[in-house]
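Read through the structure below, which is laid out as structure tokens, and then see the notes.
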Amino acid sequence: MRRTTLLALLSVLLLPAGTAAAAPVPTPSPAVRDFGNGPERNEEAALVEDATAALKAQAAAPYHHDKTRGYPRKNQLPLPPENPADASIKLGLIPHHAIAAKLNALQALGDRVSAEVLGRSAGGRDLYFVTVTAPESPAEVREQERLRRQIESGRKVPKNRYKTPIFINGNIHGNEWEGTDASLRVIEELATSPQAATLLKRARLYFNITANPDGRVLGQRPNGNGFDLNRDMITASQPEARAMRQIMIDTQPVAMLDLHGYVNGTLIEPTTPPHGANYEYDLFITNTYANGLGMEAGVNALGYTPEKDGVFPVQIPFRDSEEGWDDWPPIFTPQYAPFHGAVAAHTVEIPLRVNGSDYTNLPVEELRRRSRINTDVAAAAVRATYGHVLANHDKLIADQTEVFRRGAAGEPSRTVPLGIVPGFGPEDVYTTTYPRGYVIPEGTPAAARLVDHLIANDVEVERAILPFRAGGRFYPSGTYVVDMRQPKRGLANVMLEPGADISPRVDAMYDISGWSHALLWGAGVTSVRDLRVLAEPVRSAASTGYVPHGDGALALKVADGRDAQALNALLARGVEVTWAGDTATLPRSARAAAREVAQRYGVRFSRAGTAGGPKLAPVRIAAAASADELFTLREMGFAVTPVSTTLANAGFDWNAVDVLFVASGLSYTALNPAAKAALDAFLAKGGVVTRGGTGATFNAAAGLLTVTSVAGRGDANGVVRMASGEHGFVYSPRWFTGLGPEVKAEQTYEAFVSGHWRPNQDGSGGQDAAKGQAAVVSGQDERGARVVLFGTEPMFRNHPKGLFAQVARALYSTSQ
Ligand SMILES: [Zn+2]
């Protein structure tokens with residue numbers, strides 16, 4: 001790979017001075033990925049929409065692509081009401097409410113286009129899925145599905161029998177609009193063009209027209225819940241991410257594009273190192289680079305120039321940059337798709353910025369000029385991709401088959417030969433060691449959740465029929481087993497391995513670098529090198545809810561977010577509960593209610609000893625938090641009212657609040673005297689839970705606990721192990737020194753397990769400095785307020801589900 005940085009490359013492309021242009025001329029984008037979010041994530045005015053609609057969307061059955069009906073399908077899509085405030089309109093692009101009518105018209109153009117609604121966004125808007133193919137009878141559709149399964153099992157299919165699937169994902173970031181418009185343009189071309197006849201006999205093209213309708217309408221990056229969907233692929237907390245996941249599983253694309261903006265010149269993956277170690281990278285890089293070069297040619301051939309149009313030539317990070325645009329975490333769609341067989345998968349960043357301050361400040365005509373060019377560029381990328389797929393039809397199918405064959409055979413991870421494509425050097429080589437299997441002990445809600453999540457990701461999970469021994473341990477029948485000899489073992493491993501500390505290998509990472517579901521989702525997962533077990537496949541986890549027999553009082557230990565959900569449901573029903581340590585106690589009269597929540601949330605009650613502790617009431621929270629934290633707190637069933645500096649200064653009512661949660665957007669020192677007095681009055685009786693730098697600053701300014709808060713390097717993130725043996729997640733880690741006599745260390749950093757955490761230039765803020773320091777502390781201040789400070793990230797993007805209970809326990813304890 002050429003040893004230049006993205007910035008150096010861009011500097012040679014700078015527009016010559018004196019270029020006359022009627023409109024403001026865009027400058028090349030800095031080498032910052034548009035989807036960089038940073039630790040203080042989701043803060044930029046994400047409009048969190050109606051939670052009721054979000055809950056409804058989640059409750060909806062998951063979308064499954066129909067594999068029995070023939071094509072075309074001629075569905076009449078329902079038309080949403082017109083919304084004149086749709087942010088697309090200013091750019092001259094299609095508003096969300098007009099997409100259904102457009103797709104109905106495209107279906108009517110001939111016999112090639114089929115459109116359907118595949119689900120709803122968090123904000124309740126329809127997601128549109130389009131298939132473009134030559135007409136197929138139901139028998140031909142079934143045959144295609146049979147061949148797809150054959151490929152997925154790693155067995156070759158006869159030449160010229162299988163249509164290559166191509167998946168185009170548009171507008172995943174709501175304020176990167178034109179992927180949608182380019183998709184509609186290409187669909188329209190394919191609908192009638194005689195030249196497309198060969199393509200549509202040999203390929204099926206699938207389009208997710210807008211992956212983020214909420215963001216499109218509102219002109220914002222995240223969805224209506226405030227989530228960046230291009231961080232959610234292996235968490236799948238959002239309905240839009242679950243829809244994309246299902247598309248990839250059902251259609252098994254050989255090639256996929258994720259259409260973004262804005263990087264000038266157009267940025268086309270493959271990426272810089274580090275490369276995900278669980279891909280079959282030899283197959284991936286050859287095809288992805290080849291298609292990347294094809295797209296580059298297609299885009300550059302449009303003839304836009306820096307001088308005339310402000311459009312710079314295409315850049316390919318793998319070729320043109322050293323690092324900083326990696327494919328390490330599988331949280332992005334093109335970094336997730338390869339696990340379902342995509343051997344060419346790309347982020348494409350179209351060139352001309354129309355969002356942010358440009359959207360507000362530029363003249364409408366200039367915005368529309370830019371959007372027209374962006375649409376041209378995105379459409380050129382799509383055309384180049386289907387051209388490449390058509391020209392390499394058999395090879396792409398063979399390579400996809402080979403990905404699955406290696407998995408099913410349980411072959412070792414391959415070391416990709418240097419120079420496999422020009423510039424592929426030692427810095428590009430990443431490998432992993434696959435275990436023979438993973439063992440997940442059954443019986444907890446955390447285990448059931450993880451098993452169901454693996455199955456939802458199309459990972460095969462089995463259940464032991466007889467007791468067995470593995471890794472020197474005995475496991476009872478009913479234990480879950482993930483046999484790593486399976487086609488999608490890469491996906492199983494990327495979720496279940498601990499991950500690696502890649503700090504020594506690269507300086508700059510783009511986003512998170514550690515995420516292990518095995519370590520962060522609360523189920524006790526073990527990897528084993530030998531696996532001899534009689535087991536049968538499972539379609540869903542067995543229920544785990546349990547209430548012991550008898551008629552005595554019951555105890556519920558809050559060890560998981562599900563326990564908090566169950567407890568909050570009981571509190572909401574007025575059940576009398578006492579709280580001590582980490583456990584709630586219920587009177588015998590609550591047994592029927594306990595059985596109900598045990599069944600609903602899979603939680604396990606035990607017989608209560610002596611009921612102790614004070615009475616626990618429903619916890620009312622005022623939260624100055626990022627969108628993902630609000631979502632997670634509400635998901636656990638807490639009553640949450642957002643608060644901020646602005647809201648506090650406007651006269652926030654603290655009377656209906658038991659605990660204040662501070663992680664973002666609340667500054668004690670920025671409060672006016674009245675707001676300060678009102679907050680002080682609350683602090684004399686209420687509890688406080690904080691997270692991160694904003695929280696630590698609040699603690700100091702409000703004079704709560706006696707601690708010194710120390711910041712680790714700002715971009716450090718990953719999985720940590722605590723002295724207790726528990727795991728945690730950090731992003732911009734913090735720790736606490738100089739603990740006053742009233743302060744207790746709840747968790748202490750022991751080791752960094754996986755991710756990226758280097759010290760600052762001056763040597764401070766590194767993982768060694770954190771070792772042995774308090775990561776989470778608690779105490780009671782002079783006024784009597786109970787306080788918990790988190791230096792970790794227990795609710796980050798709704799991902800570390802095994803850590804949510806730490807927050808719930810802090811809230812219950814400080815509310816009293
Ligand atoms: Zn983007």
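The values are calculated or read from the model by the stated rules, or taken from the named source; none is laboratory data. The shown structure was predicted, so the numbers you read here are calculated from the model rather than taken from an experiment. Glycine also receives a Cβ, built like all others from the backbone with ideal geometry; neighbour counts cover every protein chain displayed. Accessible surface areas use protein heavy atoms only, side chains included; no ligands, DNA or RNA. Shrake-Rupley method; radii C 1.70, N 1.55, O 1.52, S 1.80 Å.
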Residue by residue through the stretch 430-441, note down the ones that are in contact (Cβ under 8 Å) with a residue 40 or more places away in the chain and either under 13 Å from Met484 (Cα atoms) or of a type outside the set (Phe, Trp, Tyr) (or both).
Thr431, Thr432, Tyr434, Pro435, Arg436, Gly437, Tyr438, Val439, Ile440, Pro441
Could you go through the stretch 430-442 and let me know if any residue there is surrounded by 21 or more Cβ atoms within 10 Å (Cβ to Cβ), touching a His at 6+ places or on another chain (Cβ under 6 Å) and closer than 28 Å to Leu520 by Cβ.
yes
Look at Val416 and say whether it is in contact with a strand residue (DSSP E or B) (Cβ under 9 Å, 6 or more places away or on another chain), closer than 26 Å to Asn171 by Cα and away from the ligand (no atom under 16 Å from the Cβ).
no
Some residue of the stretch 460-477 being open to solvent by 10 Å² or more (accessible area, probe 1.4 Å) and in a helix (DSSP H, G or I):
no
Sort out which residues of the stretch 301-335 are in contact with a helix residue (DSSP H, G or I) (Cβ under 9 Å, 6 or more places away or on another chain), in a helix (DSSP H, G or I) and either more than 14 Å from Thr271 (Cα to Cα) or more than 16 Å from the ligand (Cβ to nearest atom) (or both), and write them in order of number.
Asp309, Phe318, Arg319, Asp320
Candidate set: the stretch 309-330, residues that are acidic (Asp, Glu) and open to solvent by less than 10 Å² (accessible area, probe 1.4 Å); chosen: the one nearest to the chain's Cα centre (by Cα):
Asp327
Residues of the stretch 284-304 being touching a residue at least 40 places away in the same chain (Cβ under 8 Å), open to solvent by 20 Å² or more (accessible area, probe 1.4 Å) and of a type in the set (A, V, I, L, M), which ones?
Ala290, Ala297, Ala301, Leu302
Going through the stretch 711-751 one residue at a time, which ones are open to solvent by less than 40 Å² (accessible area, probe 1.4 Å), among the aliphatic types (A, V, I, L, M) and farther than 27 Å from Val525 by Cα?
Val743
The stretch 594-616: number of residues that are aliphatic (A, V, I, L, M) and open to solvent by 10 Å² or more (accessible area, probe 1.4 Å)
2
Name the residues in the stretch 336-361 that are away from the ligand (no atom under 16 Å from the Cβ), of a type in the set (A, V, I, L, M) and assigned to a loop (DSSP other than H, G, I, E, B), would you?
Ala342, Val343
Members of the stretch 759-794 that are open to solvent by less than 20 Å² (accessible area, probe 1.4 Å), part of a loop (DSSP other than H, G, I, E, B) and touching a strand residue (DSSP E or B) at 6+ places or on another chain (Cβ under 8 Å)
Gly765, Asp781, Ala785, Gly791, Thr792, Glu793, Pro794
Filter result for Leu259 (within 16 Å of the ligand (Cβ to nearest atom) and either in a helix (DSSP H, G or I) or surrounded by 24 or more Cβ atoms within 10 Å (Cβ to Cβ) (or both)):
yes
Just checking, which of Gln816, Gln747, Gln806 is polar (S, T, N, Q) and assigned to a loop (DSSP other than H, G, I, E, B)?
Gln816
Residues of the stretch 185-198 being open to solvent by 20 Å² or more (accessible area, probe 1.4 Å) and more than 32 Å from the chain's Cα centre (by Cα), in sequence order, are Glu189, Thr192, Ser193, Pro194, Gln195, Ala197, Thr198
Tally time: how many residues in the stretch 209-233 are near the ligand (Cβ under 10 Å from one of its atoms), of a type in the set (Asp, Glu) and more than 12 Å from the chain's Cα centre (by Cα)?
0
Just give me the residues in the stretch 729-740 being more than 18 Å from the chain's Cα centre (by Cα) and either under 13 Å from Trp515 (Cβ atoms) or in a strand (DSSP E or B) (or both), in sequence order.
Arg734, Trp735, Phe736, Thr737
Could you list all residues from the stretch 536-559 that are within 12 Å of Ala598 (Cβ to Cβ) and surrounded by 18 or more Cβ atoms within 10 Å (Cβ to Cβ)?
Thr544, Gly545, Val547, Leu554, Leu556
